[in-house]
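Structure first, commentary second.
The values are calculated or read from the model by the stated rules, or taken from the named source; none is laboratory data. These numbers were taken from a predicted model, which means no experiment stands behind them. Because the Cβ atoms are built from the backbone with ideal geometry, glycine has one as well, and the counts that use them run over all protein chains shown. Areas reflect the complete protein model, heavy atoms only, side chains present, ligands, DNA and RNA absent. Shrake-Rupley method; radii C 1.70, N 1.55, O 1.52, S 1.80 Å.
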Amino acid sequence: PLEAVLEVVGADRGIFLHRCFEVLGGHPGRVDLLEKATGGTINKKVWGRLESAAADFERWLAGRFQPLRVLREVPLLGLDGRGSVVSGILDLLVETAEGYWILDHKSDVTDDRSARFEAYLPQLRCYADLIRKAFPGKPMLGVAIHWISYRKVNLLPGEGSA
């Protein structure tokens with residue numbers, strides 16, 4: 001697990017890991033960009049683990065989805081089904097030939113990822129609804145959580161609406 005090499009904890013850990021996957025996903029091997037984005041120096045042991053985790057995720061992403069494009073850190077602003085304003089940042093919007101997938105990075109350390117996935121599902125469904133409204137020409141194919149600490153992804157196909 002990545003927490004074995006990280007010195008940051010709590011919310012700072014989550015922010016740091018999100019930034020790593022945002023930066024390294026678009027620019028593999030760029031420790032200089034990652035240090036600028038995180039505001040600190042990254043030791044070689046930590047760098048190696050982060051680079052490996054990001055590269056593994058990117059290979060999985062390309063193999064699983066064959067994306068036409070991957071948008072990272074997409075700002076969202078819209079109305080939900082009840083007319084409430086929804087504002088957030090979508091970690092990954094993956095566009096395929098068939099439609100869209102939403103992937104959210106989570107840095108949680110938990111013994112029950114299934115229950116935690118259910119807890120995050122309302123957020124993912126809300127994001128999916130906003131994307132479906134913004135891009136009505138292609139269907140929303142599903143949502144997923146990338147559990148950064150475990151290097152695992154839970155996919156839920158067909159979750160295109162709230």
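At a glance:
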| read-out | value |
| --- | --- |
| Some residue of the stretch 90-108 being of a type in the set (A, V, I, L, M), surrounded by fewer than 18 Cβ atoms within 10 Å (Cβ to Cβ) and without any contact (Cβ under 8 Å) to a residue 24 or more places away in the chain | no |
| In the stretch 52-77, the residues that are farther than 14 Å from residue 102 by Cβ and open to solvent by less than 30 Å² (accessible area, probe 1.4 Å) | 53, 54, 57 |
| Only one of 116, 132, 125 that is in contact with an Asp or Glu (Cβ under 9 Å, 6 or more places away or on another chain), outside any strand (DSSP E or B), open to solvent by 20 Å² or more (accessible area, probe 1.4 Å) and more than 18 Å from residue 17 (Cβ to Cβ) | 125 |
